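Taking it in order: structure first as structure tokens, then the write-up.
The values are calculated or read from the model by the stated rules, or taken from the named source; none is laboratory data. Computed from a predicted model, the values in this text were never measured in an experiment. All Cβ positions, glycine included, derive from the backbone under ideal geometry; neighbour counts span all protein chains shown. Accessible surface areas use protein heavy atoms only, side chains included; no ligands, DNA or RNA. Shrake-Rupley method; radii C 1.70, N 1.55, O 1.52, S 1.80 Å.
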Amino acid sequence: MQINEADKKHITGTFTVLKEPAIGGVPAQRLPEVIKTVSEMLSTIEKNGIDAVIKYSQQLDKWEGADIEISQAELARTGDQLTPELREALAAGAERTRVFALEQRKHLTDFEIEILPGVIAGQKYIPVPRVGAYLPAGRFPILASAFMTVGVAKAAGVQSVIACSPPMSPTAAHPAVLHSAYLSGVDRAFAVGGVQALAAMAFGLLGEQPADILVGAGNAYVTEAKRQLFGRVGIDLLAGPSEVAVIADDTADAELVAADLLGQAEHGPQSPACLVTTSRQLGEDVIRHIERMLETLATKHIAGPAWRDFGTVYVAENKETAVELMDMLAPEHLEIQTADYDYYQESLSNYGSLFLGEWSTVAYSDKGISGTNHVLPTGRGARSSAGLSVSRFLKPLTWQRVEKAATPMLANHVATISAFEGMEAHKATATLRLDRLASSVPSLV
């Protein structure tokens with residue numbers, strides 16, 4: 001997440017670089033060995049079915065259980081393994097995410113309009129029938145993932161939502177991840193991870209019809225599996241390493257900015273963090289705070305390389321230039337810690353999700369506690385698309401009805417266009433209706 005030489009040609013304002021990344025660029029997402037391995041696994045699973053899924057699970061995840069499915073009774077008991085404080089926090093996250101998704105759904109309304117007299121068109125929202133959700137539990141168990149995928153799908157009205165999460169032991173998946181799925185309303189859950197989980201849901205190997213959409217984050221192999229399966233099934237998006245960016249001015253608290261940058265760099269050693277500031281002093285202070293925090297941070301072996309290799313700090317001459325820079329970067333998460341955050345909210349166009357004011361940190365959404373969805377585009381994907389929401393699980397289906405008397409207003413134009421294109425069969429669908437209309441009109445002679 002950096003401004004490259006090609007970008008600079010399109011930035012009208014002046015800026016300076018206070019910190020450059022050691023590596024920079026967009027972290028590689030499609031290594032040849034990953035592509036090859038995923039392709040081979042998908043082919044094998046499609047050919048050999050559930051037996052191949054189990055075999056891969058045994059080889060890669062050391063699975064020894066008799067059944068990969070977690071029963072509803074087992075799901076209901078997962079909370080017994082958690083502290084009351086964690087159960088309360090997960091319940092809050094599941095409910096707040098559901099409330100926000102239901103409110104989004106309320107604003108997606110069916111409608112119809114009379115385009116011309118006798119020509120009525122409309123749109124209605126229909127939920128997809130089946131969703132497969134992947135719930136990661138690798139380096140860190142992402143407990144809120146189920147809120148954003150399973151819970152939002154159920155809020156959209158999806159009838160069947162199944163979830164897969166990798167085993168954390170030879171006979172069980174992560175109890176907190178499963179409890180989040182239970183709170184989110186999952187219909188069926190399975191202890192299976194990686195490529196084999198995506199394939200099982202996409203190919204209909206879990207006692208269900210094939211999923212219509214696959215959603216949820218994962219490692220490079222999971223992401224590549226989604227890419228290769230896209231077309232056969234729908235997907236939410238192809239997310240890369242988590243990103244964070246902050247726009248700050250001289251009123252910002254440098255220590256808070258530093259903490260928030262490290263908070264997302266902690267996701268992985270390839271997670272970019274970027275600060276764009278209108279104050280050079282603030283930028284220098286943030287860098288010092290980050291260096292100090294890394295000395296004692298328990299996850300410095302992750303956040304440290306991320307900041308060193310992919311971290312950037314830019315000093316913009318004014319807030320207009322700050323907007324230019326950030327819209328070019330199009331970050332996944334964008335915090336605004338300035339005296340005038342209203343200006344930035346009105347002016348910015350490219351980001352996955354926006355966090356306004358120093359009291360709004362990315363982690364509140366990351367853990368599902370502020371209600372908004374945290375499955376968001378990375379790698380500048382926010383320039384063209386938004387993150388996962390209730391609308392992704394709904395198909396906006398259009399319809400039209402033409403009354404007999406309105407035929408000339410449509411058919412004559414269609415006949416003209418079709419004739420120009422040389423599409424005689426298209427022309428005939430219109431002219432035949434004109435003929436039928438003419439023959440049905442009584443003569444006035």
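If the condition is being in a helix (DSSP H, G or I) and buried (at least 17 other Cβ atoms within 10 Å of the Cβ), then the stretch 394-413 contributes Ala406, Thr407, Leu410, Ala411.
Go over the candidates Leu262, Leu229 one by one and state the one that is surrounded by 19 or more Cβ atoms within 10 Å (Cβ to Cβ), farther than 30 Å from Cys164 by Cβ and touching a helix residue (DSSP H, G or I) at 6+ places or on another chain (Cβ under 6 Å). Quick ask: steps written out before the conclusion?
Numbers: Leu229 fails: farther than 30 Å from Cys164 by Cβ.
Answer to the check: Leu262.
Within the stretch 129-171, the set of residues being in a loop (DSSP other than H, G, I, E, B) and open to solvent by 10 Å² or more (accessible area, probe 1.4 Å) comprises Pro129, Pro136, Gly138, Arg139, Phe140, Ile142, Leu143, Gly157, Gln159, Pro166, Pro170, Thr171.
Residues in the stretch 144-158 that are within 16 Å of the chain's Cα centre (by Cα) and among the hydrophobic types (A, V, I, L, M, F, W, C): Ala144, Ala146, Phe147, Met148, Val150, Val152, Ala153, Ala156. Restricting attention to the stretch 184-197, the residues that are buried (at least 24 other Cβ atoms within 10 Å of the Cβ) and over 21 Å from Tyr56 (Cα atoms) total 2.
Considering the stretch 63-108, and only residues there that are open to solvent by 80 Å² or more (accessible area, probe 1.4 Å) and part of a loop (DSSP other than H, G, I, E, B), the residue that is modelled with the lowest pLDDT turns out to be Ala66. When residues in the stretch 338-355 are screened for being open to solvent by less than 30 Å² (accessible area, probe 1.4 Å) and assigned to a helix (DSSP H, G or I), 1 of them pass.
So which residues in the stretch 172-207 are part of a loop (DSSP other than H, G, I, E, B), in contact with a helix residue (DSSP H, G or I) (Cβ under 8 Å, 6 or more places away or on another chain) and not β-branched (Val, Ile, Thr), if there are any at all?
Going residue by residue through the stretch 172-207, those that are part of a loop (DSSP other than H, G, I, E, B) are 174, 184-187, 192-193, 203-207.
Still in the list and also in contact with a helix residue (DSSP H, G or I) (Cβ under 8 Å, 6 or more places away or on another chain): 184-186, 192-193, 203, 205-206.
Selection gives Ser184, Gly185, Gly193, Phe203, Leu205, Leu206.
Of all residues in the stretch 298-312, those satisfying the criterion of being over 15 Å from Met1 (Cα atoms) and in contact with a helix residue (DSSP H, G or I) (Cβ under 6 Å, 6 or more places away or on another chain) are Lys300, Ala303, Gly304.
So that you can scan it fast, the table gives a plain yes or no per residue for (1) among the polar types (S, T, N, Q); (2) closer than 20 Å to Gly93 by Cβ:
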residue	(1), (2)
Thr109	yes, no
Pro141	no, yes
Ser160	yes, no
Ser180	yes, yes
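Residues in the stretch 198-217 that are open to solvent by 30 Å² or more (accessible area, probe 1.4 Å) and within 18 Å of the chain's Cα centre (by Cα): Asp212, Ala217. Touching a residue at least 60 places away in the same chain (Cβ under 8 Å), over 28 Å from Phe111 (Cα atoms) and open to solvent by 30 Å² or more (accessible area, probe 1.4 Å), is that true of Ser391? Criteria not met by Ser391. Against the test of being crowded, with 18+ Cβ neighbours inside 10 Å, touching a residue at least 60 places away in the same chain (Cβ under 8 Å) and assigned to a helix (DSSP H, G or I), the options Glu335, Glu358, Glu324, Glu320 yield a single qualifying residue, Glu324.
Taking the conditions (1) in a helix (DSSP H, G or I); (2) surrounded by fewer than 18 Cβ atoms within 10 Å (Cβ to Cβ); (3) not β-branched (Val, Ile, Thr) in turn, Glu112 satisfies each one other than (1).
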